[in-house]
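Some notes on the structure that comes next.
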Amino acid sequence: MRNGLLSITPAFFKVWLRNAQVYVALLKFNIIPALVEPMLFIFVFGLGLGSYISEIEGVPYVKFVAAGILGSASIMQATFECTYGSFFRMKIQNTFEGMISTPISAGEVGLAEILWGASRGFFNSVLVLSALLFLGIIDHWQAVFAPLLMFLAAFNFAALAILVTSRIAQMEYFRFYFAGFVLPAQFLCGTFFPISRFPEPVQLFAWVIPFTSYVDITRSLMLDRLSWKLGLEALYALATTLLFTEIAVRSMYRRLVT
């Protein structure tokens with residue numbers, strides 16, 4: 001218990017604040033690249049492909065895919081930050097080594113990195129949601145809660161990314177993680193097409209990944225299709241996020257201390 005979440009003190013927020021200050025200092029280099037991929041998805045999948053697909057599940061395709069674009073933008077931003085970004089700070093800059101020489105613990109560094117990755121995902125989701133609103137793709141007020149759900153989805157993927165980062169020896173191994181898990185999750189979790197269109201084994205695999213639940217809940221909010229089953233999805237998604245975070249924090253502690 002002493003190396004997990006229960007051992008974390010408010011000192012971890014200082015690490016988050018340090019990352020935020022660096023982000024603000026390089027703001028113009030961070031915002032534009034982060035928006036390129038989701039904007040391409042909006043025009044290619046939403047407006048381009050949407051001109052050939054009239055409706056999916058009773059709504060225009062561009063409205064159906066909006067939640068997927070929002071989710072994809074969030075998790076990819078969080079994943080890149082907590083893989084390449086965190087590894088650079090840990091292994092190349094030796095920033096983590098300097099931090100844990102202070103009263104800040106290794107576990108607190110790990111949690112702060114996860115929170116920062118989730119924050120990057122949240123910031124990106126707000127920007128993408130603003131673009132979707134500007135284009136008139138979203139027309140239900142419940143969509144304002146979508147960035148909060150995307151923060152949780154980004155937190156989930158940030159925790160997984162930190163777990164991977166804490167266990168690899170060099171950056172090149174991230175390619176296996178992205179190709180073997182992140183990209184399949186991005187496309188299979190109901191992001192751009194209904195899960196029901198996939199074979200049953202693929203559907204089962206998709207529902208195991210918590211991102212599917214986050215996308216489904218977000219889409220239900222954006223389309224005003226709330227139901228009781230979303231509560232069960234939320235419980236599962238939150239439970240796995242907490243579990244991944246606990247494992248990731250402990251793993252980062254072992255990486256930095258032992």
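Just so you know, all these numbers are worked out from the coordinates, no wet-lab data involved. None of the values given here were measured: they were computed from a predicted structure. Note: ideal-geometry Cβ built from the backbone for every residue, glycine included; neighbour counts use all protein chains shown.
Close contacts from the range 193-214, counting a first residue that is among the small types (Gly, Ala, Ser) and a second that is assigned to a helix (DSSP H, G or I) and surrounded by 18 or more Cβ atoms within 10 Å (Cβ to Cβ), with Cβ to Cβ under 6 Å and a gap of 6+ residues or different chains, come to 206/188; 206/195; 206/212; 213/233; 213/237. Within the range 185-211, the residues that satisfy the criterion of being in contact with a helix residue (DSSP H, G or I) (Cβ under 8 Å, 6 or more places away or on another chain) and assigned to a helix (DSSP H, G or I) are 185, 186, 188, 195, 196, 202, 203, 205, 206, 207, 210, 211. Determine whether residue 223 is closer than 27 Å to residue 87 by Cα and surrounded by fewer than 21 Cβ atoms within 10 Å (Cβ to Cβ). In short, no.
Which of the residues belonging to the range 159-180 are within 17 Å of residue 248 (Cα to Cα) and surrounded by 15 or more Cβ atoms within 10 Å (Cβ to Cβ)? The answer is 159, 160, 161, 162, 163, 164, 165, 166, 168, 174, 177.
Applying a threshold of 8 Å to beta carbon distances and a minimum spacing of six or more residues, or different chains, the list of pairs starting in the range 1-22 at a residue that is under 14 Å from residue 96 (Cα atoms) and ending at one that is among the aromatic types (Phe, Trp, Tyr) reads 15/116; 16/116; 19/116.
Residues that are more than 15 Å from residue 120 (Cβ to Cβ) and among the small types (Gly, Ala, Ser) were ranked within the range 79-102; the one that is nearest to the chain's Cα centre (by Cα) is 98. Does at least one position in the range 56-69 carry a residue that is in contact (Cβ under 8 Å) with a residue 24 or more places away in the chain and loosely packed, with under 14 Cβ neighbours inside 10 Å? Scanning the range 56-69 turns up at least one residue that is in contact (Cβ under 8 Å) with a residue 24 or more places away in the chain and loosely packed, with under 14 Cβ neighbours inside 10 Å.
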